[in-house]
């Protein structure tokens, strides 16, 4: 349970938008269980506007007419002031479950524009890829989007008083925070209530997946190898499946779109990056990694290599989450035995990041070779004698570019 007094920074953005004397379509996208609905309900309670909240998160898809029905209910709330219409708010949650939702929203929004109906709209979705497709196809010029990410260390610390080690192990799911005193119960919650729900309702229900079992094994492989570079051919060998590399790449994209794991591409400067190059697997939330592991936090802290791998995953997750919707591209670099853990790129600006986690490595430090070849604007060392981990986790990645 999130403390009632705690509000994420995005809350202030929404609060300000609702005070502005103009209509808007505000789109919030992000993975499940990061607090999108809670955030909007907090805003609704304090906005003092007539509001209508509804969710399409049902086992079966809603029909085309559903959006129009809910929209009409919200329109009626603008009449509550008498002859002169007053502002009202409509919140559509899990809207990606609605076929052609963006076409419906566009039509109804344009109708309100012509009729002068002062309805403000907030759209929430837990499948950013599907939401984004609807936005670009139908709602261009009519919306503003906010990416709601997994919780950062500073947020979990402020809300629950967590220290850095607790955050690195248990990750950024606020709904699971109350369960960490019972590690087994916490892990079952993450696996059953989060992971399985995301796979079954946000991926399998919304996208074509011919091999659901392979998708699930791909997710587990991503957790086991988070922070490591693994070719698709080696993945096929690990998964013991007769599939192909194209299928694996597609499944990895689906898992990334749901905010679970992704495959970072190799940085190659001005050269074209090959789609089929070996990805560096990376979880968006270390809770996904820890829940499937067999070691407790206390056991990991005395296992230097295992803890070091988790620390590197936590650094990668922080980079991905704190750079969301900033135009920053997150990559890695490796040539021979030389490797740079993360490469950040925005426009012509390039920053190399090396993580000193304490684990032993086969590869030699590669920053010197990276600098000679690419001349990045900045080179950062995180951990060890570099930027302290707790400090790095408290700073948005954009501040380093």
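Bear in mind that the values in this text are calculations on the coordinates, not laboratory data. The shown structure was predicted, so the numbers you read here are calculated from the model rather than taken from an experiment. Neighbour counts run over all protein chains shown; Cβ positions are idealised from the backbone, glycine included.
So the values come out like this:
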quantity: Convex hull (Cα only) mean projected area of region 193-270, reported in nm² to one decimal; calculated: 5.8
quantity: Principal-axis tilt of helix 128-138 within the chain, Cα atoms, nearest 10 degrees; calculated: 50
quantity: For region 323-401 and region 192-260, distance of Cα centres in Å; calculated: 26
quantity: Region 139-258: C-alpha gyration tensor shape, a/c 1.5 cut-off, then a/b vs b/c; calculated: oblate
quantity: Exposure proxy ranking, count of Cβ atoms within 10 Å, fewest first, for 156, 218; calculated: 156, 218
quantity: Of all DSSP beta bridges in the chain, antiparallel share, percent nearest 5; calculated: 35
quantity: The chain: angle of helix 101-115 to the longest principal axis, Cα-based, in degrees nearest 10; calculated: 40
quantity: Least to most buried among 319, 73, 146 (fewest other Cβ within 10 Å first); calculated: 73, 146, 319
quantity: Acute angle (nearest 10 degrees) that the helix 65-77 long axis makes with the longest principal axis of the chain, alpha-carbon atoms; calculated: 60
quantity: Paramagnetic reach from residue 391 (point 7 Å along Cα→Cβ, amide N under 13 Å) across region 323-337; calculated: none
quantity: Residue 73-residue 335 pseudo-label distance in nm [points 7 Å out on the Cα-to-Cβ vector]; calculated: 6.0
quantity: Order of 261, 180, 328 under a 10 Å beta carbon neighbour criterion, fewest first; calculated: 180, 328, 261
quantity: Principal axis dimensions, largest first and in whole angstrom, of region 285-375 by Cα; calculated: 42, 32, 16
